[in-house]
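The values are calculated or read from the model by the stated rules, or taken from the named source; none is laboratory data. The structure displayed is predicted, hence computed values, not measured ones. For neighbour counting, all protein chains shown are included, and Cβ atoms are generated from backbone atoms with ideal geometry for every residue, glycine included.
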Amino acid sequence: MTDTRIAVVGAGMAGLTAAYFIRQAGYHPIVLEKTDRVGGRMITDVVDGFTIDCGAQFLMEGYPIITELIDRLNLNSNHVETSQYTGIVRHGKIRKTFRSDKLSPLKAGLLSFPAWLHFGLQGYKLMTGTKSLPINDYAAWQNLDDTDSETWGNHNYGEEANDYLIEPMMEGLFFQPLKDISRAFTNAMTSIFILQKNKITSLTGGMGKLPERMAHEVRLNTPVSSMSISPTGIELNTGGETIVADRVILATTAPVARILYPEAGPVERDPLATTYCSTLTVTVIVKDSFQIDPHIEEIYGILVPKKERNVISSISIEGSKDKHRLANGKMFIIFLAGKAGSEMMDWKDEAVLPVVLAELEKYFPGVSEHVLFTKTYRWKEAMPRSPLGRSRNVARYRESITAATRVFLAGDYMGMPFTEGAAETGKWAAEGLLRNLK
């Protein structure tokens, strides 16, 4: 059995998780990665002593697979809680809320009493109806994949709660407007991030620590240019050689998988058609002498609602995330909203920075005068979009797997579009592949 040839294309969290569980079963998968590092969008740079998470920013204590991997890979000492304070802007002011305090939105002036009470009652109904659904398996939420989040939220939560709780979360973390998102995804995120009060966590040394520890015999700088399927095997052309496998897990983004897998059937083509939204992240390092308002300095993440934003959708105060990632200075990581990210994707850094700093000044007056250096990262494929139908498409695909399946799809477009979701798709693909080999 261990002589079965297995290839994993892509060394992001989905591919690395798939390979990890396949190895645990006694097989030796080949992992092919087109870039010079593992992790995909979960990577970390260290610049002048500052630890910068370039893409994925945090974890949550309720992530079952990520927590299991951290434990198995002896990273528990690196797994730390961030500050549990969040800020959401209303009327130009950062409203400070605490995750475990249900009264926070009311006390902070984020929501009026009627809006707060109505959201609480509707949130209780949502939790009651979805408490058995897994937070990392998007296919399990298919029965809620019936309308868009703007329409559903305005009707059920009310416009005020939708505008100042739900919209800033979805744009700030996933860079998509509510009108373009199925309520299946928004309901899942509302349950995970707002109603369940899971603590936010991070990894000392950066988010990239996890994929780096998971990497085992990964062939870097090995892009797969084409894949062809025949009765005798699946041929992967890497330019320099042809690798033949009996089973393949495609753990790339949807556009890449779509090109590599022209033989995909009708059920596979639906998820493969998934499109992505874009963003830019701008890391701003300032002098340690810059003073943050004491009222907000312990906030980790700040979300900027549509009614308040220009281009910035979220800001993290990295000292409140993990003080170990700072050298002699303070660090902010700024995310652009999806529309702004797409429009500014090809701008030079010199053009992006003044726009970002001008908006940052609204919340941190004088910050521009204390800048030590900045670093900009461009994510053209930042997050897979979650319009109506994607949950149902993923569910149909998973139900279509048979003993004859030789190519398995994995990646965040095949599940919940965040780190734990990507890991779940990798584990799911590995388990399906292994069942076929028995």
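Some observations on this one:
Residue-wise test of (1) within 15 Å of the chain's Cα centre (by Cα); (2) modelled with pLDDT of 95 or more; (3) part of a loop (DSSP other than H, G, I, E, B); (4) closer than 17 Å to Leu388 by Cβ.
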| site | (1), (2), (3), (4) |
| --- | --- |
| Leu165 | no, yes, no, no |
| Pro168 | no, yes, no, no |
| Ile194 | no, no, no, no |
| Glu212 | no, yes, no, no |
| Thr222 | no, yes, yes, no |
| Glu235 | no, yes, no, no |
| Gly239 | no, no, yes, no |
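- When every residue of segment 262-283 is checked against the conditions, at least one turns out to be over 19 Å from Phe193 (Cβ atoms), out of contact with any strand residue (DSSP E or B) (no Cβ under 7 Å at 6 or more places or on another chain) and among the β-branched types (Val, Ile, Thr).
- Count of segment 42-97 residues which are under 20 Å from the mean Cα position of the chain (by Cα), buried (at least 20 other Cβ atoms within 10 Å of the Cβ) and of a type in the set (D, E, K, R): 1
- Filter result for Gln142 (under 22 Å from the mean Cα position of the chain (by Cα), in a loop (DSSP other than H, G, I, E, B) and touching a residue at least 60 places away in the same chain (Cβ under 8 Å)): no
- Pairs where the first residue, in segment 90-109, is at positive phi and free of Cβ contacts under 8 Å to residues at least 40 places away in the same chain and the second is part of a strand (DSSP E or B) and basic (Lys, Arg), C-beta under 8 Å, 6+ apart: Gly109/Arg90; Gly109/Lys93; Gly109/Arg95
- Meets criteria (buried (at least 22 other Cβ atoms within 10 Å of the Cβ) and not assigned by TED's automatic domain parsing to the domain that holds Glu159) for Tyr27: no
- Filter result for Leu388 (over 26 Å from Met214 (Cα atoms) and in contact (Cβ under 8 Å) with a residue 40 or more places away in the chain): yes
- Taking segment 98-119 as the range and being modelled with pLDDT of 95 or more, assigned to a loop (DSSP other than H, G, I, E, B) and buried (at least 17 other Cβ atoms within 10 Å of the Cβ) as the test, the residues that pass are Ala108, Leu110, Leu111.
- Pair list, Cβ under 9 Å, 6 or more apart: segment 392-413 residue among the polar types (S, T, N, Q), other residue in a strand (DSSP E or B) and surrounded by 13 or more Cβ atoms within 10 Å (Cβ to Cβ): Thr405/Arg247
- Strands (runs of 3 or more DSSP E) within segment 246-353 that include 3 or more residues more than 19 Å from the chain's Cα centre (by Cα): 247-250, 276-286
- Residues in segment 362-372 that are in a loop (DSSP other than H, G, I, E, B) and more than 13 Å from Ile292 (Cβ to Cβ): 1 in all.
- Of all residues in segment 390-419 being of a type in the set (S, T, N, Q) and outside any helix (DSSP H, G or I), the one that is surrounded by the most Cβ atoms within 10 Å (Cβ to Cβ): Thr405
- Residue match in segment 302-312 (condition: within 26 Å of Gly49 (Cβ to Cβ) and surrounded by 14 or more Cβ atoms within 10 Å (Cβ to Cβ)): yes
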